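Q: One structure coming up, written as structure tokens, with questions to follow.
The values are calculated or read from the model by the stated rules, or taken from the named source; none is laboratory data. Everything numeric here is computed off the predicted structure, so don't read it as measured data. No Cβ is skipped: glycine too gets one built from the backbone with ideal geometry, and neighbour counts run over all protein chains shown.
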Amino acid sequence: MKGIPKVGVYMTFFPFSVGLKDTVAKALDLMKENRIRHLPVVADGLPKSIITEREINQVLSILKQESPDESLLVEDACAIEAYMAEADTRLDIVLDEMVRRHIGSAIITKDGRLAGIFTYTDACHHFSEFLKKHYGPNKPGSDAA
């Protein structure tokens, strides 16, 4: 019987990232340009946090701004602590922790350095592939529901 795979197999490798001192405008631009909603935040080359599109929108709402001004920094808008897991952590452990914390992403590290990001989109994509592999592709008109 095969063991449960490691999260490093399913993560998004070498994700875009921003620094704590980068502007929220820069983070939002990166998200829009690359159609992503989660960005790892790094300081001195090490992962520190994650900033999400949702967090940015909440901060902008509180500040009553439609778009961020250049004085708003990532460190002012991101969660203080992000969930981080080493790339060799079993996938089920990462998924369980994401569910327990009600979070949509995890920073994946290798020897403490940013290696990737694992998001709920990655989880859904790979679960869909798993279902198709084990049960066959969906055929039009074959839905029981």
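Q: Filter the stretch 70-88 for residues that are over 18 Å from the mean Cα position of the chain (by Cα) and either modelled with pLDDT under 85 or of a type outside the set (D, E, K, R) (or both) and give the result. Full working, then the answer.
A: Initial filter on the stretch 70-88 (over 18 Å from the mean Cα position of the chain (by Cα)): 70-73, 76.
Result: Ser71, Leu72, Leu73.
Q: If you don't mind, there's one more thing I want to ask. Restricting the search to the stretch 1-21, which residues are of a type in the set (S, T, N, Q) and touching a Gly at 6+ places or on another chain (Cβ under 7 Å)?
A: Answer for the stretch 1-21, where residues must be of a type in the set (S, T, N, Q) and touching a Gly at 6+ places or on another chain (Cβ under 7 Å): just Thr12.
Q: Within the stretch 45-65, is there a residue that is surrounded by fewer than 17 Cβ atoms within 10 Å (Cβ to Cβ) and β-branched (Val, Ile, Thr)?
A: yes
Q: OK, next. Determine which single condition Lys139 fails, assuming it passes every other condition in (1) assigned to a helix (DSSP H, G or I); (2) of a type outside the set (Asp, Glu); (3) loosely packed, with under 13 Cβ neighbours inside 10 Å.
A: The one condition Lys139 does not meet is (1).
Q: If you don't mind, there's one more thing I want to ask. Among the residues in the stretch 120-129, are any modelled with pLDDT of 90 or more and of a type in the set (S, T, N, Q)?
A: Among the residues of the stretch 120-129, at least one is modelled with pLDDT of 90 or more and of a type in the set (S, T, N, Q), which makes the answer yes.
Q: Answer yes or no: is there a residue in the stretch 1-16 that is over 30 Å from Glu129 (Cα atoms) and among the polar types (S, T, N, Q).
A: The answer is no; no qualifying residue exists.
Q: Another question about this same structure. Out of (1) part of a helix (DSSP H, G or I); (2) within 14 Å of the chain's Cα centre (by Cα); (3) at pLDDT 95 or above, what's the single condition that is false for Ile117?
A: Only one criterion is unmet by Ile117, namely (1).
Q: Based on this model, can you work out whether Ala43 counts as under 21 Å from Pro15 (Cβ atoms) and modelled with pLDDT of 95 or more?
A: Against the criterion (under 21 Å from Pro15 (Cβ atoms) and modelled with pLDDT of 95 or more), Ala43 does not qualify.
Q: For Val94, state whether it is of a type in the set (Val, Ile, Thr), surrounded by 13 or more Cβ atoms within 10 Å (Cβ to Cβ) and at pLDDT 95 or above.
A: yes
Q: Quick one: what pairs do we get from the stretch 102-120, first residue more than 11 Å from Ala85 (Cβ to Cβ) and surrounded by fewer than 20 Cβ atoms within 10 Å (Cβ to Cβ), second modelled with pLDDT of 95 or more and among the hydrophobic types (A, V, I, L, M, F, W, C), C-beta under 8 Å, 6+ apart or different chains?
A: Pairs found: Gly104/Met98; Tyr120/Met98.
Q: Go through the stretch 4-38 and give me each residue that's closer than 20 Å to Glu97 by Cβ and in contact with a strand residue (DSSP E or B) (Cβ under 8 Å, 6 or more places away or on another chain).
A: Within the stretch 4-38, Ile4, Pro5, Lys6, Val7, Gly8, Tyr10, Met11, Thr12, Pro15, Arg37, His38 meet the criteria.
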